[in-house]
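The values are calculated or read from the model by the stated rules, or taken from the named source; none is laboratory data. None of the values given here were measured: they were computed from a predicted structure. Heads up, the Cβs are rebuilt from the backbone with ideal geometry, glycines too, and the neighbour counts pull from every protein chain shown. The protein model used for the area step is the full one, side chains on, heavy atoms only, and it has no ligands, DNA or RNA in it. Shrake-Rupley method; radii C 1.70, N 1.55, O 1.52, S 1.80 Å.
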Amino acid sequence: MLDFHQQEQEILDFWQEKKIFDKLRKQIKSGKRWSFLDGPITANNPMGVHHAWGRTYKDLFQRFKAMQGFNQRFQNGFDCQGLWVEREEEKSLGLKNKKDIEKFGILKFVQACRKRVEKFSKVQEQQSIKLGMWMDWDNSYYTMSDSNQLHNWMLFKEYHKNGWLYKGKDAVPWCPRCGTASSKHDIATEGYREVTHPALFMRFPVKGKFNEYFLIFTTTPWTVPANVAIAVNSHLDYVKVRQESGVYWLAESRLQELNGKYTTLEKKKGKELEGLKYEMPYKDFESQEKSPHEVVLWDFASGEEGTGIVHIAPGCGAEDFDLGKRKGFPAISPLDDAGIYADGFGKFSNKKYSEVNQLVLEDMKERRFIYKIEPYEHRYPHCWRCSEELVFRLVDEWYIKHKEIKNKLIAENKKVKWYPEYGKIRQEDWFNNMGDWLISRKRYWGLPLPIWECECGEIEVIGSLKELKEKAIDKKKVDALPEIHRPWIDEIKIRCKKCGKPVSRIPDVGDAWLDAGIVSLSTLGAGYLEDRKEWEKWFPADLISENMPGQFRGWFNALFWASTAIVGRAPFKAVFGYESLKDEKGEEMHKSKGNTIWFDDAVEKVGADPMRLLYCLQDPSQELKFGFHVLKEPQNYINILYNMSKLVEQGTKKNAGNIEDKWILSRLNSTIKKATEELENLHPHLASRPLLEFWLNDLSRGYIQIVRDRISEDDSAVKFVLNESYLTLLKLCAPFMPFITEKAWQDLRKSKIVKEESVHLCSWPKANQKAINQKLEDDFKNVFEIIEIGLASRSDSGIGLKWPLAKATIYYFKKFDKKLEGIIARQLNVKKIEWKIAHEKDWKVILDTKMTKELEAEGFAREIARKVQDLRKNAGLVKQDRIELLIVTDIYLREHEKFLKERTNSSKLEILHGIGEKIKEKFDHTKKESIKGKIIRILFNKSR
Ligand SMILES: [Zn+2]
Ligand SMILES: [Zn+2]
């Protein structure tokens, strides 16, 4: 078994020392351009094995295109800003919330975030190198760069010009710990979790009736003080029932929620309840002055949950807010940005919402506003960065309008090639349903939104530093900006063109997806703003490749928006996506579960190539189960690939002789064709599987077994065919497994079998269509099927393969080229083959297992020859060395003397019968062997 890690380190040193990557880049510089756009990796932590999966694909496609001679940029990207970086840095600094950050100082905090990114981008770079990833590491892009920020400013200016940027009030999902809104993008996929909350069945008295109540359902008690109305569905049936404790209204379909017996008194459609007033427990709060506290009609009220009567708090829920806006209800939003109740809510004021949850429960219980409380399991949104439960707050945030750009996005998406294909539909679904994009975040380390908003309502959106300087009150401050980040940018005020007052920038930063979304403009060439001509050469990208589930709403979405807004088209021609990585049991990897595998551990234990092969063989549309057991198989495959290199010699003869030679060369060319087509079609798994099939089955288990004797006989056609097949195979495998292919190549280079300095400087092989013979390949498929059945039948009979048998009878059911029967006979070690028509659609092989003296003697001869070959090897002899051989045995071997002499390369062979005879001559090498219970003594000297 290879020591993968050790050997890979040596190859890395070799690449570095010989500057192989630089040489490759020079070699392809004049080639046609192929533009790959790297999706930036968040430089926040060391890499995980899931990152390595994605990075393997990126490296694979780029290496493949490089071998085809395409000029490329090889630019790696680091994602640097946003809540996830802030969150990790907060943890490192021991800061718990925004108050802590502001006490610590925004300046110091932002600098700490930058340091973090600088540190982990270096770590990830080193890890990627260990994975074998070839990138222009000195030229990586960073989304925190001024250039990236300014390209986004240009984009904002464009949005503003189009009238798509607006400030809107809405009840949005909010993380009280992070103190910022979460967009729909953030929570769409990973934000929801299954949790159990206490479900409240509240009883609110019907105004003017004695002991008559509406039964109302909610799972968020803290929102009850903000209740302004209750809603029923106009088409649903509601019933009034009498119970011991009172008379209740609820949906007829929800009667099972009642405790104990009841009598139905009355039935009404929801619409008949409209306008009825009710009493609620907190109507005396100052904030409740304008609430109607009446029944309204709402289509979202459902007969499938709760009581069919819904609690409405427009300041605490997005749908509630929409309904309230239409009805003109007040939106009471009791929480501040840290989730603390505001003044004007009695004893709940100045308490955290989670505490208020408990207080409201107790208070309403005491005041008999509660019918029952039950645990309730449901999917609830959580902060996708810190896991805190989200609440809804009424806030002013900045949005980009979705309606105007939607159709263009969908049309552009239709032109893009997707693999897997379902990605295209999912992306379109997202574009159809995403709604306006909430792009502001009340945070620190991010894109400073270029919006200067005056008290008078005037809004300026600044599109460049030049424009900022023109409008700035203190222009020197613009020149002195060390970077385009908070807090420096917050210092710059402009003059309101309407009222003349000095105006500050809004303190918000941008959704971090904007940072990665702009890179098709900011990073190709020198960037859209800096050198349009050079940028155009690389735009649009030919390919992007990223983990799929997260990116429909994330990177893919953001790329589409930016490029469609500025250039009017999609920024890439093709997307390759892949699913998620799980552990061996199919469970998510989590630090807390202890099943996470770190990249460094994996690469040191297993090696990069086996990981890469595992990744490449995986169907990207399926989840990958990753683990150390799973990695054993690719390790074995690679060992087999490498070990074959020892059989390769200088191949001089330029033509294939036997039929098996023609067959393996046909297979080789079919494999080149298939691997090339599948890589072009973005199917790495369908490209790597035939390669594996070729080296494992066709070459190692097939051809090499068939020509074993010819190898011993130094057959020059075999040498040529093996040489041709193996060297081509190495080139085909090079982009998948860059280390082992290089290792084998360098071994062969030392033996002067290859000339090129590195396998990675070779061209991608081209298939020779003329060498492909499909009929022959099909015939050989039959041959191998028959051999397999024959071998199984042999092993059932208990007679080892080394003992020749007289005959095999093969029952055949499809046409078979009998020219190939010699191969079958040799592989099954039988003297003769007899063909009979089968009655069923299956090959059948019957062996004649009768042993004769002659057959046995032949078996012994072969076995003895093999033992002598081993002994020669152990004695340090090379192929050309001749020996003088003495065999002492009572087996009759006269007829096989010639064979033995040739096989063992003996200049002299003597066979003595019997055992224990005195041998006068002195031999350097002697060994007593036992074959099938017979003792055989082998003695030899190297010929002088
Ligand atoms: Zn959070
Ligand atoms: Zn103004």
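For the chain, the share of DSSP beta bridges that are antiparallel, to the nearest 5, is 70%. D3 sits among other residues whose Cβ lies under 13 Å from its own Cβ, and their net charge, with Lys and Arg +1 and Asp and Glu -1, is -2. For a modelled paramagnetic label at N211, 7 Å from Cα along Cα-to-Cβ, the residues of segment 242-273 in reach, with backbone nitrogen under 12 Å, are 242-248.
With a cut-off of 12 Å, note down the residues of segment 500-527 whose backbone N falls inside the zone around a label point 7 Å from the Cα of I459 toward its beta carbon. Within reach of a label on I459: 506. Among the trypsin sites (Lys or Arg not before Pro) in segment 650-690, those located in a DSSP loop and surrounded by at most 10 other Cβ atoms within 10 Å of their own Cβ are K654. Our coupling estimate for segment 509-524, obtained by passing each phi through the Karplus curve with A = 6.51, B = -1.76, C = 1.60 and θ = phi - 60°, is 10, x, 3, 5, 5, 4, 4, 7, x, 8, 5, 5, 9, 8, 10, 6 Hz, Gly and Pro reported as x. Taken one residue at a time, the phi angles of segment 880-886 give Karplus couplings (6.51, -1.76, 1.60, θ = phi - 60°) of 6, 5, 9, 10, 10, 10, 10 Hz. Gly and Pro are set to x.
With charges only on Cβ, +1 for K and R and -1 for D and E, what is the dipole size of segment 197-250 about its Cα centre, in debye, rounded to 20? Walk me through the numbers on the way to the answer.
Values: 5 positive and 3 negative charges, 27 e Å.
Around 140 debye, computed over segment 197-250.
Here segment 527-586 is assigned +1 on the Cβ of each Lys and Arg and -1 on the Cβ of each Asp and Glu. Its dipole about the Cα centre then comes out at about 220 debye. Taking amide H atoms as placed 1.01 Å from N in the peptide plane, the amide H of T180 lies under 5 Å from those of C175, each 5 or more residues away in sequence or on another chain. A protection proxy built from the mean count of other Cβ atoms within 10 Å ranks the segments 353-359, 142-148, most packed first, as 142-148, 353-359. Taking a ≥ b ≥ c as the square roots of the eigenvalues of the Cα gyration tensor, an a/c ratio of 1.5 or more together with a/b no larger than b/c marks segment 125-201 as oblate. Per residue, the solvent-accessible area of the chain (1.4 Å probe, heavy atoms of protein chains only, all protein chains present) comes to 44 Å². Each Lys and Arg contributes +1 and each Asp and Glu -1, all at the Cβ; summed about the Cα centre of the chain, the dipole is approximately 2720 debye. Taking the C-alpha atoms only, the angle from helix 318-327 to the longest principal axis of the chain is near 30 degrees. Couplings 3J(HN,Hα) for segment 864-879, derived from phi with the Karplus relation 6.51 cos²θ - 1.76 cosθ + 1.60 (θ = phi - 60°), are 5, 4, 5, 4, 4, 4, 4, 5, 4, 4, 4, 7, x, 7, 9, 3 Hz, where x marks Gly and Pro.
Compute the Cα gyration tensor for segment 840-896, then decide on rounded, prolate or oblate, letting a ≥ b ≥ c be the square roots of its eigenvalues: rounded whenever a/c is under 1.5, prolate when a/b is larger than b/c in the other cases, and oblate in all that remain.
Working: a/c = 4.16, a/b = 1.79, b/c = 2.33.
Cα axes put segment 840-896 in the oblate bin.
I'd like the carbon and sulfur percentage of the solvent accessible area for the chain, probe radius 1.4 Å, heavy atoms only, ligands and nucleic acids excluded.
Working: 19870 of 41730 Å².
Exposed carbon and sulfur together represent 48 percent of the surface.
When a/c reaches 1.5 or more, the comparison of a/b and b/c decides; with that in mind, is the chain rounded, prolate or oblate per its Cα gyration tensor? It is prolate, given that a/c is not under 1.5 and a/b is the larger ratio.
Of all DSSP beta bridges located in segment 156-298, what percent are antiparallel, nearest 5?
The antiparallel fraction comes to roughly 80 percent.
For E279 and A338, what does the FRET efficiency come to when R0 = 30 Å and r is the distance between their Cβ atoms, rounded to the nearest 0.05? Mind dumping the intermediate values first?
Working: r = 32 Å, r/R0 = 1.07.
After rounding, the FRET efficiency stands at 0.40.
Restriction of the trypsin sites (Lys or Arg not before Pro) in segment 847-881 to DSSP coil positions whose beta-carbon has at most 16 other beta-carbons within 10 angstrom yields K850, K879. The label-point distance for N941 and S302, in a model that sets each label 7 Å from Cα toward Cβ, rounds to 9.6 nm. Annotation for segment 618-645 versus segment 149-183: alpha-carbon center distance of 45 Å. Between the listed residues T523, L481, V503, the Cα displaced farthest toward the positive end of the dipole of segment 467-533, a dipole computed from Cβ unit charges relative to the Cα centre, is found at V503.
For K352, the amide hydrogen comes within under 5 Å of the amide hydrogens of Y341, counting only partners 5 or more places away or on other chains and with H modelled in the peptide plane. Amide hydrogen proximity for L390: with H placed 1.01 Å from N in the peptide plane, the residues at 5 or more positions away or on another chain lying under 5 Å are H382, C383. Between segment 646-720 and segment 787-863, the C-alpha centres lie 25 angstrom from each other.
Averaging the sequence gap over all C-alpha pairs within less than 8 Å and six or more residues apart, then dividing by the number of residues, gives segment 542-683 a relative contact order of 20 percent.
Taking every pair of alpha-carbon atoms in segment 309-379, give the share separated by more than 15 Å as a whole percent.
Working: 1631 of 2485 pairs.
Roughly 66 percent, once rounded to a whole number.
Say the cut-off is 22 Å between C-alpha atoms; which of K26/K65; K424/K673; K32/K766 go over it? Table pairs above 22 Å Cα-Cα are K424/K673. Does anything in segment 70-84 have its amide N under 20 Å from the 7 Å Cα→Cβ label point of K122, and if so which residues? Of the residues in segment 70-84, 76-81 have backbone N under 20 Å from the label point off K122. Taking chymotrypsin sites (Phe, Trp or Tyr not before Pro) across segment 257-302, the ones in a DSSP loop with at most 14 further Cβ atoms lying within 10 angstrom of their Cβ are F300.
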